[in-house]
């Protein structure tokens with residue numbers, strides 16, 4: 001795959017183009033303090049067919065002060081104000097980041113990618129935005145990949161109950177406790193969403209079995225050809 005972005009412009013997403021013309025897209029959001037390069041290397045580990053035709057887009061969150069980190073400036077999709085993740089929520093910041101994702105979705109639609117071939121993926125903070133953006137967008141997208149994250153604003157969601165959702169979490173996660181993630185998953189299920197759920201014996205990170213499961217889910221969800 002070829003890296004198609006101008007690396008000198010840090011405001012632009014990192015884009016990995018397929019070998020041929022793209023017919024699907026994955027917009028993948030990083031976690032707190034990282035940037036768009038954080039998950040670039042994972043693409044080659046997904047074991048997708050060589051002719052998969054999937055464009056991967058890795059945007060950068062803006063830099064802002066994060067309350068829970070003593071007000072330090074870092075890349076963040078929204079502010080984290082306290083450890084009460086499900087109740088003390090920066091709803092305004094989440095909305096702003098969702099509109100950034102909506103803009104990225106429109107770019108893919110304008111490029112000829114069908115809405116049901118666009119996946120929104122994200123890790124931690126990025127996973128929350130992935131869920132929120134996909135479940136509130138005007139069109140039904142292809143799916144949501146939510147890694148080591150949570151969903152505090154689930155009561156708002158009522159659209160696109162048919163959208164495939166895969167949530168994964170580490171059973172030893174000290175940053176977003178497993179119970180918080182399970183509560184979010186159960187709440188989405190009660191709202192009528194079908195959630196494929198996986199846990200792994202890991203902390204707030206990504207493991208090899210998880211990468212294999214993500215690859216399998218992407219192949220099924222995007223109906224990718226066999227290698």
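The values are calculated or read from the model by the stated rules, or taken from the named source; none is laboratory data. Here the structure is a predicted model, which is why all the values come from computation and not from measurement. Glycine gets a Cβ as well: all are built from the backbone with ideal geometry, and neighbour counts include every protein chain shown.
Quick notes on this structure:
- Of all residues in the range 8-40, those being within 25 Å of residue 68 (Cβ to Cβ), touching a strand residue (DSSP E or B) at 6+ places or on another chain (Cβ under 9 Å), part of a loop (DSSP other than H, G, I, E, B) and touching a residue at least 40 places away in the same chain (Cβ under 8 Å) number 8.
- Among residues of the range 138-156 being surrounded by 20 or more Cβ atoms within 10 Å (Cβ to Cβ) and free of Cβ contacts under 8 Å to residues at least 40 places away in the same chain, the one that is nearest to residue 194 (Cα to Cα) is 144.
- Candidate set from the range 204-226 (those that are in a loop (DSSP other than H, G, I, E, B) and under 18 Å from the mean Cα position of the chain (by Cα)); member that is surrounded by the fewest Cβ atoms within 10 Å (Cβ to Cβ): 207
- Checked against (1) crowded, with 20+ Cβ neighbours inside 10 Å; (2) part of a loop (DSSP other than H, G, I, E, B), residue 181 meets all criteria but (2).
- Remark: pairs (first residue in the range 105-134, in contact (Cβ under 8 Å) with a residue 12 or more places away in the chain; second residue surrounded by fewer than 24 Cβ atoms within 10 Å (Cβ to Cβ) and in a strand (DSSP E or B); Cβ separation under 6 Å; 6+ apart in sequence or on different chains) = 117/24.
- Some residue of the range 41-49 being under 20 Å from residue 119 (Cα atoms), assigned to a strand (DSSP E or B), touching a helix residue (DSSP H, G or I) at 6+ places or on another chain (Cβ under 8 Å) and modelled with pLDDT of 95 or more: no
- For beta carbons closer than 6 Å, sequence separation of 6+ or different chains, a first residue in the range 176-205 that is in contact (Cβ under 8 Å) with a residue 60 or more places away in the chain and a second that is surrounded by fewer than 19 Cβ atoms within 10 Å (Cβ to Cβ) and in a loop (DSSP other than H, G, I, E, B), the qualifying pairs are 204/175.
- Matching residues, the range 23-40, being more than 24 Å from residue 205 (Cα to Cα) and either surrounded by 19 or more Cβ atoms within 10 Å (Cβ to Cβ) or out of contact with any helix residue (DSSP H, G or I) (no Cβ under 9 Å at 6 or more places or on another chain) (or both): 24
- Count - residues of the range 51-78 that are under 18 Å from the mean Cα position of the chain (by Cα) and surrounded by 19 or more Cβ atoms within 10 Å (Cβ to Cβ): 12
- Output for the range 50-98, where each listed residue is more than 30 Å from residue 19 (Cβ to Cβ), touching a helix residue (DSSP H, G or I) at 6+ places or on another chain (Cβ under 9 Å), touching a residue at least 12 places away in the same chain (Cβ under 8 Å) and outside any loop (DSSP other than H, G, I, E, B): 64, 80, 94, 97, 98
- Among (1) out of contact with any strand residue (DSSP E or B) (no Cβ under 9 Å at 6 or more places or on another chain); (2) over 19 Å from residue 192 (Cα atoms), the one test that residue 176 misses: (1)
- Which numbered condition residue 131 fails, given (1) in contact with a strand residue (DSSP E or B) (Cβ under 7 Å, 6 or more places away or on another chain); (2) in a loop (DSSP other than H, G, I, E, B): (2)
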